[in-house]
Amino acid sequence: MPMKHSTYSVIIVGSGIAGLYAAIKISETMSVPDGVLLLTKSQISECNSRYAQGGIVGVLPENKTDSISLHVSDTIKAGCGLCDFNVVKFISENSNHAIKDLMKYGVKFDRNEKNQLNFTLEGAHSVRRILHVGGDATGYGIEKELVNKVKNDPVISSNITIYEQTLATDLLVDSKNTCRGVIAYNSVSHEYETVYAPYTILATGGTGQVYKYTTNPSVTTGDGLALAIRAGADIKDMEFIQFHPTALSIENDDSRFLISESVRGEGAKLVNQDGEYFMKDHPQKDLAPRDVVARAIYSQLSRGNRVFLDTTSIDVDLFKKRFPNIYKTCLENGIDITKDFIPVSPAAHYCMGGIKTEINGKTSINNLFAIGEAACTSLHGANRLASNSLLECVVTAYELVNHISKEELHPTKVIDETIMNIIKKYSDDNSESVSDETFVDIDSLLLNLKTTMWEKVGIIRTESSLSRAIKEIETIEKEFNTDSKCNSIREYELRNMIYVAKCIINAALSRKESVGAHFRADSIQVNNDKQDNVRDFVHEQKTTARICN
Ligand code: FAD
Ligand code: SIN
């Protein structure tokens, strides 16, 4: 059967909050004669966004304790000064509008008995400014309403075609550095389709799955980033991987359910098995920046200690109401927070780096845009301030639509030899596929990759651990031909994760000093210009460094 070809006005890859919000805005505000195609590799609602717990930053005029300048300052301090000031300011200034717009789409942020919005606190925020939904189900609460709009709103849905279980496997970038669309692979029918569009938007999320322990769901394999790397796009800040300090840690269970930072925001404390309150000497205690807390826990674990969240200062009924999913999940794992402390350990959580973009998602490739966690606008610098990412998804998606709605939709089916060569790789008569000839054990290669990344490119890195990691990834790469047509989503994901892993390692090798989430134990040089003095605490944890070698 010949490969199907189709044309849309806009292609959006990914159905997290960034992709869905962009789809809604495009459909509402733009003339899209060929419609919008929303591609997503699993079911529409499966993504990181769905699992967001703590909330979304709202710098709202009704919150008299807060201000744009305070939020900007908190974001830049958390990011160790590596944030782009103008981007931070812009996103902060637009948060009020973003929150009100989400409310317009049906998102019901939690309120108190006086019907006022409830604000919570997370690490490195100087005031309560985080809005939440369903207590600890913020992502689910937002995603559900946006999916509902995209699927059921008569006006919005009429412009949008949704392909579920469909993976973008390559970008169609021509010899003039212009993106003309994507190759789409349906993992159920195993059919490929060439999709053309004047605009392609990558909203493919983060990279958590390249690590053995992660809070991210299985779809988060850095695909968009890998596609962009393959196409030659500029990439930025990939050494900055955020490890969330408190994922639920159950023996013989590698999955890492998140225990939201807002549990500490509401008063929980980190202690070791001897009851030692090891964050007590930090000026911000348990609510120090995330990278600092993650390293402090790592240091405890490295000394053979266990780490727990002591929630006894939070009233039990309040806990159950405020954190219903955390309460339930702990109970399902045999932890009754009314009696037990919660065992926690760090896990890969967020990728501060990504495809380098402007605030409107523009990448270095013409007509290719990236938004959400896949992008790097430089909002987060070396360490993301909690709950800034959902806000970034919404504001950048809005700006992107604002930008492209002013442009004329130009004809797209300009197919040059470069594009023909990409299409050829995926056409049916191309029998060269990755594992036709020799058996490749994808699962064990994936496990090797994730273990290498966790052990050698994790919370603490050294030149020697990183150099060994790159060799191990290259060995995996030799066993798996990364440029052929693959036979399954898992194979494509492995291919993509190899690109992403190499990109993280090379960035980590290049940055010799420690800053934010990137901690080089072999370097005494700390980027002092970029460090807030509260971060001196980090150096007390230096004993940890040796463990990695
Ligand atoms: P995602 O929501 O991850 O969506 C990516 C989409 O792309 C998915 O639909 C995926 O299936 C699809 N996709 C990927 N590759 C392909 C491909 N090749 N082809 C087709 N489709 C593809 N941030 C906050 O601000 N506040 C919080 O409280 C918070 N809590 C969090 C809790 C957890 C457990 C996790 C994991 C993250 C949390 N974050 C939080 C981070 C935040 O959720 C993410 O940064 C944000 O949701 C990313 O949204 P996104 O739309 O960019 O990507
Ligand atoms: C959390 O709830 O702790 C996660 C918040 C975030 O990652 O922004």
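The values are calculated or read from the model by the stated rules, or taken from the named source; none is laboratory data. Every value quoted in this text rests on a predicted model; they were computed, and no experiment measured them. Every residue, glycine as well, gets a Cβ built from its backbone with ideal geometry; the counts of neighbours run over all protein chains shown.
Observations, loosely collected:
- Subset of the range 448-491 that is without any contact (Cβ under 8 Å) to a residue 40 or more places away in the chain and of a type in the set (Ser, Thr, Tyr) - its residue that is farthest from Gln300 (Cα to Cα): Thr482
- Matching residues, the range 374-407, being in contact with a Cys (Cβ under 7 Å, 6 or more places away or on another chain) and among the hydrophobic types (A, V, I, L, M, F, W, C): Leu379, Ala382
- Ala18 within 16 Å of ligand 2 (Cβ to nearest atom) and part of a helix (DSSP H, G or I): yes
- Those residues of the range 494-549 which are among the hydrophobic types (A, V, I, L, M, F, W, C), at pLDDT 95 or above and within 20 Å of Gln284 (Cβ to Cβ), in sequence order: Val515, Ala517, Phe519
- Strands (runs of 3 or more DSSP E) wholly inside the range 188-295 containing at least 2 residues that are surrounded by fewer than 24 Cβ atoms within 10 Å (Cβ to Cβ): 192-196, 241-248, 269-272
- Pair list, Cβ < 8 Å and 6+ apart or interchain, from the range 325-351 residues that are part of a helix (DSSP H, G or I) to residues that are charged (D, E, K, R): Asn325/Asp136; Ile326/Asp136; Tyr327/Lys320; Cys330/Asp336; Cys330/Asp340
- Residue check for Glu46: within 12 Å of ligand 1 (Cβ to nearest atom) and charged (D, E, K, R): yes
- When Ala386, Ala382 are screened for being outside any helix (DSSP H, G or I) and closer than 18 Å to Arg50 by Cβ, only Ala386 passes.
- Unmet criterion (only one of (1) over 27 Å from Ile259 (Cβ atoms); (2) touching a residue at least 40 places away in the same chain (Cβ under 8 Å)) for Pro61: (2)
- Filter result (of a type in the set (A, V, I, L, M) and without any contact (Cβ under 8 Å) to a residue 12 or more places away in the chain) within the range 265-310: none
- Of all the residues in the range 455-486, those that are over 29 Å from Asp170 (Cβ atoms) and surrounded by fewer than 18 Cβ atoms within 10 Å (Cβ to Cβ) number 5.
- Subset of the range 196-228 (residues that are within 11 Å of Gly354 (Cα to Cα) and either within 15 Å of ligand 2 (Cβ to nearest atom) or at pLDDT below 95 (or both)): Gly205, Gly206, Thr207
- Considering the range 341-356, the residues that are over 30 Å from Asp234 (Cβ atoms) and of a type in the set (A, V, I, L, M, F, W, C) include one that is nearest to ligand 1 (Cβ to nearest atom), namely Val344.
- Residue ID - nearest to Val395 (Cα to Cα), chosen from residues in the range 28-60 that are of a type in the set (Ser, Thr, Tyr) and either surrounded by fewer than 23 Cβ atoms within 10 Å (Cβ to Cβ) or in contact with a Cys (Cβ under 6 Å, 6 or more places away or on another chain) (or both): Thr29
- Test: residue in the range 227-244 that is more than 21 Å from the chain's Cα centre (by Cα) and among the basic types (Lys, Arg): no
- Residue among Ile359, Ile326 that alone is under 30 Å from Val457 (Cβ atoms), aliphatic (A, V, I, L, M), out of contact with any Leu (no Cβ under 6 Å at 6 or more places or on another chain) and more than 16 Å from ligand 2 (Cβ to nearest atom): Ile359
- Selection within the range 379-411 - more than 16 Å from ligand 2 (Cβ to nearest atom), more than 27 Å from Val133 (Cα to Cα) and buried (at least 21 other Cβ atoms within 10 Å of the Cβ): Ile404
- Across the range 246-302, the qualifying residues are those that are away from ligand 2 (no atom under 16 Å from the Cβ) and among the hydroxyl-bearing types (Ser, Thr, Tyr), and the one among them that is farthest from Ser514 (Cα to Cα) is Ser255.
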